[in-house]
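Okay, so here's the structure we're looking at.
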Amino acid sequence: MSTFENPAYRWRETYFVMFDVRQRPTVSQLEAVLTDLNDRFELQNLQANDEGRFEAVTLVSPDDFAALDISFLQGEEVTEQVALLAKEMKRGGEDASEIKRLASSTARLDVLHFQDVASGITSGMAGGDGEEDELDEVFDPSALLVVLDALVELTGGLAVDPQTGTVV
């Protein structure tokens, strides 16, 4: 089940890790990296293809009131995204070496960041007129940042905010 389908979570943002498909990790490599980051991270629905390469996982971080859906993608959609992002990065004055690294990307990991709104509500952190503000107060992006760094290191890739076209 996608976290989008879970009413306890609200989508907040999406990031990409762009990389060369030859660096696609095995499910075992990815599992080892993510479980070493924080012993409180819970991995759910870990999926691999027939060759044992990573396909998808949901990482839940209860202490951060967060979950991450991470999935692998390659093909035409990635090629189109690379061209669009490279164009945006050139306009935004990004570093030429980063644009070159991006241009050589043939695969990506989609990292969708969700906030656990049910825990905030049930623990008394939200409710009433200030619910949205109170939920923002308990929203912690640290799990996302730590995981993005680990995925970049694992794949030799580049973390990109697709909304702004910038390297993270």
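The values are calculated or read from the model by the stated rules, or taken from the named source; none is laboratory data. Please read all numbers here as calculations on a predicted model, not as lab measurements. Every residue, glycine as well, gets a Cβ built from its backbone with ideal geometry; the counts of neighbours run over all protein chains shown.
The number of residues in the range 131-151 that are of a type in the set (Val, Ile, Thr) and modelled with pLDDT of 90 or more comes to 2.
Screening Glu51 on (1) surrounded by 19 or more Cβ atoms within 10 Å (Cβ to Cβ); (2) more than 17 Å from the chain's Cα centre (by Cα) shows it passes everything except condition (1).
When the range 82-103 is limited to residues that are surrounded by 13 or more Cβ atoms within 10 Å (Cβ to Cβ) and out of contact with any strand residue (DSSP E or B) (no Cβ under 8 Å at 6 or more places or on another chain), the one that is nearest to Thr164 (Cα to Cα) turns out to be Glu88.
Determine whether Asp50 is modelled with pLDDT under 95 and not in a helix (DSSP H, G or I).
The answer is no for Asp50.
Within this structure, Val82 passes the test of being touching a residue at least 24 places away in the same chain (Cβ under 8 Å), farther than 23 Å from Glu5 by Cβ and among the aliphatic types (A, V, I, L, M).
Scanning the range 30-45 turns up no residue that is hydroxyl-bearing (Ser, Thr, Tyr) and either touching a residue at least 12 places away in the same chain (Cβ under 8 Å) or assigned to a loop (DSSP other than H, G, I, E, B) (or both). At pLDDT 90 or above, within 18 Å of Arg12 (Cα to Cα) and not in a loop (DSSP other than H, G, I, E, B) - does that describe any residue in the range 71-81? Scanning the range 71-81 turns up at least one residue that is at pLDDT 90 or above, within 18 Å of Arg12 (Cα to Cα) and not in a loop (DSSP other than H, G, I, E, B).
Return the residues of the range 142-152 that are in contact (Cβ under 8 Å) with a residue 60 or more places away in the chain, surrounded by fewer than 21 Cβ atoms within 10 Å (Cβ to Cβ) and not β-branched (Val, Ile, Thr); say none if nothing qualifies. Hits for the range 142-152 are Ser142, Ala150.
In the range 82-103, what residues are assigned to a loop (DSSP other than H, G, I, E, B) and within 22 Å of the chain's Cα centre (by Cα)? Spell out the reasoning first.
From the range 82-103, those assigned to a loop (DSSP other than H, G, I, E, B) are 92-95; that's our starting set.
The answer is Glu94, and nothing else.
Just to check your reading of the model, which residue among Leu46, Leu59 is farther than 24 Å from Pro162 by Cβ and either surrounded by 21 or more Cβ atoms within 10 Å (Cβ to Cβ) or in contact with a strand residue (DSSP E or B) (Cβ under 9 Å, 6 or more places away or on another chain) (or both)? So that I can check it myself, show each step before the final result.
On the way: Leu59 fails: farther than 24 Å from Pro162 by Cβ.
Leu46 is the lone residue from the list that is farther than 24 Å from Pro162 by Cβ and either surrounded by 21 or more Cβ atoms within 10 Å (Cβ to Cβ) or in contact with a strand residue (DSSP E or B) (Cβ under 9 Å, 6 or more places away or on another chain) (or both).
Within the range 53-65, being assigned to a strand (DSSP E or B) and touching a Lys or Arg at 6+ places or on another chain (Cβ under 7 Å) holds for Arg53, Phe54, Ser61.
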